[in-house]
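Engineer: The structure's right below; bear with me while I get my questions together.
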Amino acid sequence: METRKLGRTGLDVSLVCLGTMTFGEQNTEAEGHAQMDRARDAGVNFLDAAELYPIPPKPETQGRTEEIVGTWLKARGNRTETIVATKAVGRTVMDWFRKDGGTGDLSRGQLREALEGSLRRLQTDYIDLYQLHWPDRGVTQFGSNPVIYKAPEPAEEIAIEETLDALGDFVREGKVRHVGLSNESSWGVMRFLGAAERSGGPRVASIQNAYSLVNRTFEVNLAEVAMREDVGLLAYSPLAQGYLTGKYRDGALPEGSRKKLFDRLQRYETPGATAAIDAYVDLAGEIGWSPAQLALKFVATRPFVTSVIIGATSLGQLEQDLAAFERPWSEEIEGKVDAIHLVRSNPCP
């Protein structure tokens with residue numbers, strides 16, 4: 001398994017990061033443990049979780065994902081060999097994350113409570129990469145750099161400097177090694193970097209945003225930030241929540257699929273999405289690959305990507321995903337992908 005540097009931290013993370021958001025909802029503890037075992041055997045040393053998980057977010061399941069990761073770490077005794085990332089919720093109307101029943105934000109007190117909860121559930125003394133799941137301020141969509149900009153309504157927000165100062169406390173205490181952002185914009189990343197430079201606070205190591213064949217908006221501004229500032233992309237939804245596997249083609253609705261269970265995939269059901277997805281699925285068939293292999297390998301070959309976050313609900317799916325990274329990429333395939341992109345650009349930002 002190839003490894004890449006996590007920002008300027010000195011940590012080497014595997015090109016593949018195992019996403020765990022299905023653990024505790026679509027996957028049992030035993031199934032989650034089996035997936036982490038298989039990923040470890042394949043050379044994956046990087047796990048991503050969140051206090052929000054599993055998905056869909058519900059008060060009765062919140063935190064189960066971290067608990068499952070925690071029991072695996074304890075049972076396998078491999079904490080020092082595993083790079084654990086998790087996330088604190090940003091500003092939200094959801095009111096079940098904090099003991100006082102308040103809604104979420106990125107204030108010092110809330111971040112402290114979020115961190116202590118994650119440490120307890122993960123059964124660890126420290127988190128390798130502690131990320132802000134989304135910004136405290138209003139953003140136009142759940143995802144950065146949307147194609148259509150809509151100015152957010154004025155609202156209360158926690159200053160980036162306050163949030164960074166709290167994260168700095170966690171680093172000084174040894175409870176967090178490094179910090180990262182998620183669902184952020186280029187403006188947000190640069191503001192965090194500037195605040196860290198001025199105050200001596202922790203420098204952002206990574207940004208976890210959606211990125212796939214049908215959502216290349218990261219390339220517009222954030223790619224330059226990632227490359228010049230060494231804030232690499234941890235790419236989530238590289239399969240567009242399953243749409244780029246072709247399993248939903250022509251209206252198919254497989255049993256056990258996320259669309260069938262939760263109907264939460266509207267981000268990948270926008271105007272123009274079907275035509276773009278069909279074009280990439282057809283291209284995969286043309287070159288003799290599975291659609292998932294094309295989608296995953298594309299993301300892995302981007303120079304600004306640090307790690308590709310994959311998720312599965314079965315070991316069979318996990319095996320197929322892992323195999324994608326062994327495929328050889330070529331200029332010919334690159335050209336075919338770009339030809340589609342130029343006509344059907346970013347339907348799912």
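The values are calculated or read from the model by the stated rules, or taken from the named source; none is laboratory data. All of these numbers come straight from a predicted model, not from anything done at the bench. Note that we place each Cβ from the backbone using ideal geometry, even for glycine, and neighbour counts take in every protein chain shown.
Engineer: If I filter segment 247-299 down to residues being within 23 Å of Thr22 (Cβ to Cβ) and among the small types (Gly, Ala, Ser), which single residue comes out as surrounded by the fewest Cβ atoms within 10 Å (Cβ to Cβ)?
Structural biologist: In this case the residue turns out to be Gly256.
Engineer: If you don't mind, another one. Taking the condition of being in contact with a Cys (Cβ under 9 Å, 6 or more places away or on another chain) and either of a type in the set (Gly, Ala, Ser) or in a helix (DSSP H, G or I) (or both), how many residues in segment 242-271 meet it?
Structural biologist: Step one: of segment 242-271, the residues in contact with a Cys (Cβ under 9 Å, 6 or more places away or on another chain) are 243, 267-270.
Add one more test, that the residue is either of a type in the set (Gly, Ala, Ser) or in a helix (DSSP H, G or I) (or both), and what stays is 243, 267-268.
Residues that pass the stated criteria total 3.
Engineer: Can you work out which of the residues in segment 287-313 that are assigned to a helix (DSSP H, G or I) and without any contact (Cβ under 8 Å) to a residue 40 or more places away in the chain is farthest from Trp329 (Cα to Cα)?
Structural biologist: Ranking the candidates gives Gln293 first.
Engineer: Could you tell me whether Thr306 is in contact with a Gly (Cβ under 7 Å, 6 or more places away or on another chain), under 28 Å from Ala205 (Cα atoms) and among the polar types (S, T, N, Q)?
Structural biologist: yes
Engineer: Determine whether segment 208-216 contains at least one residue that is within 25 Å of Glu173 (Cα to Cα) and free of Cβ contacts under 8 Å to residues at least 60 places away in the same chain.
Structural biologist: Looking through segment 208-216, none of the residues is within 25 Å of Glu173 (Cα to Cα) and free of Cβ contacts under 8 Å to residues at least 60 places away in the same chain.
Engineer: Would you pick out the residues in segment 33-86 that are under 19 Å from Gln123 (Cβ atoms) and basic (Lys, Arg)?
Structural biologist: Arg40, Arg64, Lys74, Arg76, Arg79
Engineer: Take Leu283 and decide whether it is assigned to a helix (DSSP H, G or I), more than 23 Å from Val343 (Cβ to Cβ) and either of a type outside the set (Phe, Trp, Tyr) or in contact with a Cys (Cβ under 8 Å, 6 or more places away or on another chain) (or both).
Structural biologist: no
Engineer: Quick check on my filter: what residues within segment 288-308 are among the aromatic types (Phe, Trp, Tyr) and touching a Phe, Trp or Tyr at 6+ places or on another chain (Cβ under 9 Å)? Break it down into steps so the answer makes sense when it comes.
Structural biologist: In the first step, residues of segment 288-308 are kept if they are among the aromatic types (Phe, Trp, Tyr); the result is 289, 298, 304.
Those that are among the aromatic types (Phe, Trp, Tyr) and touching a Phe, Trp or Tyr at 6+ places or on another chain (Cβ under 9 Å): Phe298, Phe304.
Engineer: If you don't mind, there's one more thing I want to ask. List the strands (runs of 3 or more DSSP E) that sit entirely inside segment 15-116 and contain at least 2 residues that are surrounded by 21 or more Cβ atoms within 10 Å (Cβ to Cβ), touching a His at 6+ places or on another chain (Cβ under 8 Å) and at pLDDT 95 or above.
Structural biologist: Once the strands (runs of 3 or more DSSP E) in segment 15-116 are filtered for at least 2 residues that are surrounded by 21 or more Cβ atoms within 10 Å (Cβ to Cβ), touching a His at 6+ places or on another chain (Cβ under 8 Å) and at pLDDT 95 or above, what remains is 83-88.
Engineer: Additional query: Could you list, in sequence order, the residues of segment 302-313 that are surrounded by 15 or more Cβ atoms within 10 Å (Cβ to Cβ) and of a type outside the set (D, E, K, R)?
Structural biologist: Correct list: Phe304, Val305, Thr306, Ser307, Val308, Ile309, Ile310, Gly311, Ala312, Thr313.
Engineer: Let me spell it out: the conditions are (1) under 18 Å from the mean Cα position of the chain (by Cα); (2) farther than 25 Å from Val204 by Cα, and Asp37 meets all of them except one. Which number is the exception?
Structural biologist: (1)
Engineer: So, one more: Mind checking which residues of segment 121-133 are within 20 Å of Asp95 (Cβ to Cβ) and either modelled with pLDDT under 95 or over 19 Å from the mean Cα position of the chain (by Cα) (or both)?
Structural biologist: Residue satisfying the conditions is Arg121 alone.
Engineer: Scan segment 314-347 for residues that are part of a helix (DSSP H, G or I), surrounded by 15 or more Cβ atoms within 10 Å (Cβ to Cβ) and not hydrophobic (A, V, I, L, M, F, W, C) and jot them down.
Structural biologist: Hits for segment 314-347 are Gln317, Gln320, Asp321, Lys336, His341.
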